[in-house]
Each structure stands twice: as C-alpha cells, then as structure tokens.
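Here's the structure, in structure tokens; my notes come after.
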Amino acid sequence: MILAILGGAGVLYVFYYYGRDLPDYTQLADYNPPTVTRVHAGDGRLLIEYATEKRVYVPIRAIPLRVVNAFLAAEDKNFYHHPGIDPLSIARAVVTNMANLGRSRRPVGASTITQQVAKNFLLTNEVSIERKIKEAILSLRIERAFSKDRILDLYLNEIYLGFGSYGVAAAALNYFNKSLDELSVAEAAYLAALPKAPNNYHPIRRPEAALARRNWVIGRMLNDGRISMEDAEVAWGDPLAVRWSDPTEIVQADYFVEEVRRELARVYGDAALYQGGLSVRTTLDPRLQKIAEQVLRDGLVAYDRRHGWRGPVASLDLAALEGAPEVWREALAAVEPPGGMSPWSLALVLSLDKSQARIALADGREAHIPMAELTWARPWLKGQKVGKKPKQPGDVLAPGDVVMVEPATSADEKKPYEPNAYGLRQIPDINGALVALDPHTGRILAMSGGFSYEQSQFNRATQAWRQPGSAFKPFVYLAGLDSGFTPATIILDAPFVIDQGAGQGKWKPANYSNKFYGPTPMRIGIERSRNLMTVRMAQTIGMEKIVDYAVRFGVVEDMPPLLSMALGAGETTLLRLTTAYAMLVNGGMRIDPTLIDRIQDRLGETVYRHDKRACLDCLPSVWAGQEAPDLPDSRERVADQGSAYQVVSMLEGVVQRGTGRRIRSVGKPLAGKTGTTNQNTDTWFMGFSPDLAVGVFAGFDEPISLGRKETGSSIAAPVFRDFMAGALANKPAIPFRIPEGLRLVRLNVETGRLARPGDKRVILEAFKPGTVPSGEQLVIDGGYNPLTGEVPSGTSGLY
C-alpha cells in the first residue's frame, strides 16, 4: 500500500512538474492548416493557385472510410477507445526497448494518433523521455477537449507523407494522381504506411521496403476486420505503381486573374487569400478570353505596322563573331529579350541580299526573312508618320541586327516561301484593352488589359481613365428620348459657338469632317457621329439631365455640367463604359460588373454569391421533368425600356450605315458606337449583340496623337469585329428584342419623314405611342426646347 501511495504520488508529481509550462492545447480548436486557394474559370478549369503551403484540406466527414481505416490500422487501432494514450502499446514498447538495451537501436515509440497530433502541433521532434511525458500529458488534455473526429481531422490534414505532400489529399494526388475517393485499398494502405518515415518507404528509391510496408498495413486492416480476405488478396496482388499527377491545365488570363486577386485581398485579406483554402469560381469564359487576347494583340500589331519600323532590339559587331552556331547562340543569349516578346523569338541578322535577310535563331539554326515580310517596315517618323516603302532588305536591316521574328507563311498560295521563312516583328508602342460581359447579369466573360502582362501589369480595362469621346453620345440621345424626342427629331447641324466667359475665349465644336449638314434626323446624327447635333441636343435638354444619366449609368461620377462633357470630355474606364452599354441593350436595367460568381470556404460553405436572388425551388429533392422555376428580377430600372431600345436601334444603324460599317461583315445583328477624342488621342468601339456587350479601347499609355487619320473606326472597330466574329461563330443570328408598346413605322432614314412610294433609304423606326411624326417637323437648334417652349439655362453667349 505504501509503495502504491508513493508510486501514485510520484506519477502526480511528474504530471505536475512536466505539465506546468506546456503549450496551450486549446489553440487547436481554432486551428485551420494553411491550404491552397484555387481560382477557377467559369467552366471549372484552373486559373491560378495562391498558397504558402501546397496543402489540400479535406474535412474528416469527406475523407473516405477506406482511407481512415488504413491509417487507424497502421497507426492506432484503439484510437476510438483509449483516452489519448494506449497503456497496452506503452507496455509493449517498454518491453521492446528493455530488450534492445545496449544494441544502439533507436527507442521504439507507442504514440497514439492523439500523441502525434500533440507532437506535430505543439512540441518538437526531440527523442527524449521528457518529450514523451509532455506528449502524454497533452494527449490526455486534448482528448478531454476535442472529439475523436476533430483529432483525426487535424492528423490526416497535417501529417507529412513525402513527395512534398502535407495531408492525405495532397499525397493521393502526388503519388497516384487520384482524389481520395478514387483510392484503392492497396493505395490507401501505402499512404498509411508512410507517416513513420516517408523516405524509408520511397516507392522508387526503396520499392521493396515500400511494398513490404504496404502489405503489412493491408494485413493489419485484415486482422482488425476493416477489410475482407477477398479485398486483402486483391490489394496484396496490386503492384505498387506511382502515377505522376497530370500537368495542370492552366487557363491564361493574367489581367483578369490579377483583378480577382486584388478583389479577394481587398475583401478577405492576404491571410485568407494565401492560407484560407478558398474555392473561387469566376465568371471567365476561357474560349472568349482566348479570342479576346488574340484579336487585341492582332489589332495593336496591325496599327503599329501601319506606322513604321522603329529599329532592332540591339546591334552586334558581326565581325567580332566567328560565325559558328555556338557563337550565335551565346551572342543572342546575352541580349536581354524585351518584355512581352512571347511567342516571338530573337534572331541575329547574318547577311542580306536583294530578296531576303539570312538570320540565325537562338538555337543556332539558320533561317531567312523574305522581302515580302519586310515591306511593312517603313521607317517611323515623328507624329506617327512613315518614310518611304523599303525596296530591299538593306533598307530595313543591317548585318549584326538582333530582331524579333516569328515563323511565317506566304499570303499568296501560288508563291509559297522557301522552308524556314520568318517574319519581322516589333512590340507595339500603342496599347489597349478589351472587355466582354453578359449584359443581363454583369458577369465579365473576358478581359484583356494590354498587349502583354509580362511587359506591363497596368490594366487598361480598369485602371486607365480616359476620355470616351463620341462613345458617350448614346447617353446624350437617351436623355433626349426620355425627354420626349424621337429618333426622327430634326436637329440643326450648323456652326455653334459659346462664349465661355472672361478670359476663356469661345468654344467652337466642329464635326470630324469640318462640314455642316443642316437640319438632320437624330438617327443620322448618331450613325455618323455628328458633334454639332449632339451639342445642340445637350443644350436643349440641359446638361444637368445628362450629368444625371452619366451618374445613373456609372460612366462618370462627378461630371461637371459643361457642354463639352456631352462630347465625351469626362474621363472613365473601359469597364465602366462597357457596363453602361450593357444597360442599354438589356432594356435599361442596372447591372453590377463582377469577376466572381461564387466563393466557398475550406469546408465547402458558400460565403459569397453574386446572384443574390432567393430560389427555394431551385434544389428539388427529386427531378421529375418539372419546369425550371421563375426567378424574380430584382434589378433597378435606370432608363425607360422603350427609350433604351430606340438607342439600340440607332446604334444598329451605326453598324449598318454609319461609322461602324466595318462591323457589318460579321453577318450577325450587332450595334455599337465609335469613339475618338481630340487630336485622335484615344479610340474606342463600344457595342453589343443581344446577349454580349463588348468594349475596346486603344491608345498610348502617355496620351499623344495616334496619327491624323487614326480613329475608333480604324483601330478599335476591327478588334471588336474580329472578336464578335469569333465569339458568335456557329451561333444563330438573334435579333435585338423589341419591348412591348413600341410601334414600328416605315421611315425615310435621310429625312425622318414617313416613307413614301419610291423612297429608297427606308427603315423600320421604333416610336412610342403618340410620337409618330406627322406633318410639320420642329427643328432643335439649341436655343429653346420645342416640346416645352422653355429656354435652357446657360444659353447666354450662344451664337
């Protein structure tokens, strides 16, 4: 009895002595291991991963029982029955270690899974009696504080299993290229064999030891009754075959992805982004994104080639090079490639003759640039002008020049190039952006913010504030239509001068053609982008109303009520303007552009959803062919539906007859508007089909003129055209939806009067009830409002 009392006291003292300064085990209650945040495209393909540790977290309820049983059999068969330590295992370890005394062998442990959790999270890997005592004390405390499932959850998601795998889910991918629920008994047993020493059971370096250990685990599973004999025999017969994980298919959308990263960091913080294990489903359509990036690059290159050759990347002393391929390779490798060069490559000009330039590629191979691939390279001159057309390669290149090239094929099939033909390339000075979104939901389907993200991370779709020019005019006319005017309203196209006040001089807006066309229907004014008609409409209805529409559609938030703003002098971004155009084609309903559809946390719980409409009937327990439920439309109306369609119809005329005629070749119902600012500095094309809104911007990052004849029609419109041709390929032609209540009337498009027999330019024009023109037509001259008889404010000094 005395010995028992002394022994108990000794145990209590040990627990007191070693339990005084132990780590706080309650921190495990809030422990969430750092896990990977994955960002996916709209079709589920991966865009990017953010992580400090490449760990995949799977909650215990989602880990298959086969995997759990394998680890319990290998590591702790009494896990669900002991209080944190296993006395039988401890006794067995004591006997074994006593027998090994003097044999220089590492002591055998008897750690339970709970003890391993205590060691991995709260202690060190030191091999000592003291650590084992502390481990046991912590295990007893952990067992009292947490459920068995919580302890197993911590263990299976934290344990290191080799191959850079933290947790069982990562190990399943890295060893077998499988998810947990796809693992066989043999594969689960192998993973359970690894916790003690992953390197000792490496499947390639030590395959025999690895196979023996796996089979031992299978035997333990059989002995514990966790699998049948039939399952065990099949598992024993399976070879131990490692299947490297497939290369992950990454969708390239650098500008889009960076915008998503900024949004996640802003809302959730960097810790949640890089360690929180978020699953982010974005709105990106990879097919449209690929088209967007290609057509934008092609459009910028096409402009750049029209404005000449600015010279080689570098020039080397060819005489100092011995002419061997190894020397060429070394010389090219020493030249720093320009950012954004991919997929082009560097080449060294070796010699020239009248028909071609002989070049050496970075891999030492020789190739040539035919003269036909050099004819575009007129010398660049100040003011975006060009010199004379080159007649021979020597007019463009010199031996020793380092240039960018790309494999080329002849445009003339009857005169193909010789093998190994390359074309001369240069990175454009101009830059631009393209945005495509769903006009009904605001989901951003594609975004390219520049020629190359490698070259510049500045996103011109969201960060470049530029003047939209004539691309703003539809909102001036929308305000006019909501004020009672119609597409047939006659507006005076004549000189317009305003005295801006003392010392400010006179403001004299002009049409692009510097001509005046007299009284003209509103439709012609927008189709042919007449500045003077737009200013008179703005003067008539008042700039305060136009400012209201600019704010309502999110184009400009703090627009001053100045007439110049009606011609697009207020700065905005491409994304804002594209969203505003989307609200025209969707019938005047507000949408908020979004990059993200849904975000789930590490447990699969949805923490954000863009579509916030409630739908109680969307998740039926049984599908029996019932109709899809109708969801409420909670969008705010920002413009009259009839007025919005009238603007859409006029913008369709821009494509059919106006400044956007280049777009007509797509052969689908499309509408849009060009935009060009003063001095041809910024160019735009904003447009849409019934279900896709697209905006294109092009200009220099440091605003300068793009050239005398370069406009939205010549730079941005071809990019829009090519994007729509690819996006709508193999899709039916859907006409623009006409809202109820409008009346379609045959109208002479040039006069704005009802069509008569023999009229040639006749269209169907949409009118609201009671607004069909008849008899005398009033002319808007900017001096008064013929509908109200009011003289607009601010007309002092109007000439």
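The values are calculated or read from the model by the stated rules, or taken from the named source; none is laboratory data. Since this is a predicted model, take the numbers as computed values, not measurements. All Cβ positions, even for glycine, are placed from backbone atoms using ideal geometry, and neighbour counts span all protein chains on display. For the accessible areas, the whole protein counts, side chains as well, though only heavy atoms, and no ligand, DNA or RNA atoms are used. Shrake-Rupley method; radii C 1.70, N 1.55, O 1.52, S 1.80 Å.
Kindly report, to the nearest 10 Å², the accessible surface of E336 as traced by a 1.4 Å probe over protein heavy atoms only.
150 Å²
If I take every Cα pair under 8 Å that is 6 or more residues apart in region 450-566, average their sequence separation and divide by the length, what percent do I get for the relative contact order?
Relative contact order comes out at 25 percent.
Go through K382/K506; K119/K148; K354/K391 and tell me which ones have a Cα-Cα distance over 20 Å in this structure.
Correct reply: K382/K506.
List the pair-distance distribution P(r) of region 347-484, using every Cα-Cα distance, as the percent of pairs falling in each 5 Å bin from 0 up to the bin containing the longest distance, rounded to whole percents.
All Cα pairs considered, the percentages come to 2, 8, 12, 13, 12, 12, 10, 9, 8, 6, 4, 2, 1, 1, 0.
State in Å² the accessible area per residue of the chain; use a 1.4 Å probe, count heavy atoms of protein chains only, and round to the nearest integer.
48 Å²
Looking at G364, G653, P343, which one has the Cα that reaches farthest to the positive end of the dipole of the chain (charges on Cβ: Lys, Arg +1; Asp, Glu -1)?
G653
Tell me the chymotrypsin sites (Phe, Trp or Tyr not before Pro) within region 222-310 that lie in a loop according to DSSP and have at most 16 other beta-carbon atoms within 10 Å.
Listed in order of number, the matching sites are W244.
Extent of region 646-692 along each principal axis, from alpha carbon coordinates, in Å, largest to smallest?
Largest to smallest, the principal-axis extents are 32, 21, 18 Å.
Any of K473/K768; K290/K414; K545/K668 with alpha carbons more than 28 Å apart? Name them for me.
K290/K414; K545/K668
GluC sites (Glu not before Pro) within region 241-349: which are DSSP loop residues with at most 13 other Cβ atoms inside 10 Å?
E249, E322
So how tilted is helix 87-99 from the main axis of the chain? Cα-based, degrees 0 to 90, rounded to 10.
Result, in degrees: 60.
Taking amide H positions as placed 1.01 Å from N in the peptide plane, with prolines and chain starts having none, which residues 5 or more places from I359, or on another chain, fall under 5 Å of its amide H?
Amide H to amide H, under 5 Å and 5 or more residues apart or across chains, I359 pairs with L350, A367, H368, I369.
For Cα extents along the principal axes in Å, one of (1) 93, 81, 49; (2) 101, 97, 49; (3) 121, 75, 58 was computed from the structure I shared and the rest are decoys. Which label?
Given (1) 93, 81, 49; (2) 101, 97, 49; (3) 121, 75, 58, the calculated one carries the label (3).
Kindly identify region 291-421 as rounded, prolate or oblate by the Cα gyration tensor criterion: order the square roots of the eigenvalues as a ≥ b ≥ c, call it rounded if a/c is under 1.5, otherwise compare a/b with b/c, prolate if a/b is larger, else oblate.
rounded
Over the chain, what is the relative contact order in percent, taking alpha-carbon pairs closer than 8 angstrom and at least six residues apart?
Reported as a whole number, the value is 12 percent.
In units of 2.2 N^0.38 Å, what is the alpha-carbon radius of gyration of region 484-529?
1.40
Round to a whole number: what % of the accessible area of the chain belongs to carbon and sulfur, probe 1.4 Å?
Its accessible area is 52 percent carbon and sulfur atoms.
Within 10 Å of each candidate Cβ there may be at most 16 other Cβ atoms; applying that plus a DSSP loop requirement, which chymotrypsin sites (Phe, Trp or Tyr not before Pro) in region 674-732 survive?
F700
More than 14 angstrom separation, counting every C-alpha pair in region 333-400; what % is that?
That tail contains 64 percent of the Cα-Cα pairs.
What's the Cα-based Rg to Rh of region 437-496, Rh via Kirkwood?
Rg/Rh: 1.17.
Quick one, can you get me the convex hull of the C-alpha atoms of region 474-614 expressed as volume per residue in Å³?
143 Å³
Starting from the residue with the highest accessible area, list T462, T441, T572 in decreasing order, probe 1.4 Å.
Putting T462, T441, T572 in descending order of accessible area: T441, T462, T572.
If one takes the longest principal axis of the Cα atoms in the chain, at what angle in degrees, from 0 to 90 and to the nearest 10, does the Cα axis of helix 148-158 lie?
Approximately 70 degrees, to the nearest 10.
Restricting attention to the alpha-carbon atoms of region 148-247, what are Rg (one decimal) and Dmax (integer), both in Å?
13.1, 39
Give the cross-link partners of K389 among the aspartates and glutamates, using a straight C-alpha distance below 13 Å as the criterion and excluding same-chain residues fewer than 8 apart.
Cα-Cα hits under 13 Å: E373.
For a quick protection proxy, order the peptides 535-546, 366-377 by their average other-Cβ count within 10 Å, most packed first.
535-546, 366-377
Where does helix 129-145 land angle-wise versus the long Cα axis of the chain, in degrees 0 to 90, nearest 10?
Long axis of 129-145 versus the principal axis of the chain: about 60 degrees.
What shape does region 554-653 have by the C-alpha gyration tensor, where a ≥ b ≥ c are the square roots of the eigenvalues, rounded means a/c under 1.5, and otherwise prolate means a/b greater than b/c and oblate the rest?
It comes out oblate by the Cα gyration axes.
Binning at 5 Å from 0, report for region 226-321 what percent of all alpha-carbon pair distances ends up in each bin.
2, 8, 9, 9, 9, 9, 9, 9, 10, 10, 6, 3, 2, 2, 2, 1
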